[in-house]
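Data block below; observations after.
Computed from the coordinates by the stated procedures, all read-outs in this text should not be read as laboratory data. Note that the structure is a prediction, hence the values are computed from the model and not measured. FYI the Cβ positions are ideal-geometry reconstructions off the backbone, even for glycines, and counts take in every protein chain you see.
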């Protein structure tokens, strides 16, 4: 749910620049400074802080309010495919006591393909926002073939349509989700109401201020929608399912 | 070889670095399964990109893919083959030369010659095969074993590659070079 971050992280896939006999490459030069900046970005963890809600009041009045608070409005539409790993790793793939795993989302938007890693939610009771580690990258369109080769399987997929309103530091998504039919086209709405997600990005030190920032905005929107921290621990497997998953 | 390039008037313009890493699936102990594998290639001329190759599938992605692999903890880097060399400009040609390192051993010297006028997407890189062969044999050779000079490459084994020549083609060639040594 984060086009805001994609825009920062993604750069166009390079075109063809040269041909060579044995092997060829581009013609751009990179400085050590660029390399250092890139390396530091690779080692920096970025977290998405978010609040969620379902819009039950009239959409038009809500949009008017949001437009007054945000700088830009953008139509968004994409298809999202969620992949889960079949590899038994020692990594933090599951949140404790919850059914929310870390996931790899493949998103097709305007003929571009993006991949997002979403980590397990952080358990931070004193912070009023959901916090998940995210990594956003742009990939070529056949990435799903590679994912299959690497042992990932498609779990579910859906279409997302709606609007993204953004300011300098945060973004609000007003979207609905549609089922994917067998032929790959859009099906019916999964739920009748629009979903709202207010989000911003933060480093490891900024959870508290990011949360306060989000909640300040959420208060302004309160007459129309209640944006809350979604607690992933509410999604707990029921005992029979839990036993089944343990047996598997 | 470097002296010969410099004698011909070649000027060193930058370093040349290519890293090819083999990643293997992390399997539990005492299992007989064959781990999945893929190769990840980074080119210093594409500092923000990496190329991942698994079987016949090859994709280009942002370099942060490495970060995702670390976070999911599902694959582990096992072998690294690296070229650390220099890039020279000589008229219309770009010559890249450097030793190939595998672990701590030097496995050979890689030389890549690029003919820059042949850089339109519509033209085949192999339309100037003869010209490049002459350049390599005349100026950098002679090479007693002609098989070391790879003047053509058959991409038909990789039907999923795009029609136009891209960095994906380049990555395949490097992977095959590293596998052959």
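Measuring from label point to label point, each 7 Å out along Cα→Cβ, what is the residue B:143 to residue B:180 span in nm?
Distance between the two pseudo-spin positions: 0.8 nm.
Simple spin-label model, 7 Å along Cα-to-Cβ: residue B:155 to residue A:219 in nm?
My value for the distance between the label points is 5.9 nm.
With each run of n ≥ 4 DSSP H residues scored as -39500 (n - 2.57), what mean residue ellipticity at 222 nm is computed for chain B after dividing by its residue count and rounding to the nearest 500 deg cm²/dmol?
-5500 deg cm²/dmol
Given a Förster distance of 35 Å, report the FRET efficiency between residue A:64 and residue A:86 from their Cβ-Cβ distance, rounded to the nearest 0.05.
Result of the calculation: an efficiency of 0.15.
For labels at residue B:24 and residue B:109 in the simple 7 Å Cα→Cβ model, what's the distance in nm?
My value for the distance between the label points is 3.3 nm.
When ranked by the protection proxy of mean other Cβ atoms within 10 Å per residue, highest first, what sequence do the peptides A:206-216, B:133-143, B:170-180, B:40-50 form?
B:40-50, B:170-180, A:206-216, B:133-143
I need the calculated FRET efficiency for the pair residue A:183 and residue B:164, taking r as the beta carbon distance and R₀ as 30 Å, to the nearest 0.05.
According to the calculation, E is roughly 0.50.
If the label point is 7 Å along Cα→Cβ of residue A:148, which residues in region B:1-40 have backbone nitrogen under 13 Å from it?
none
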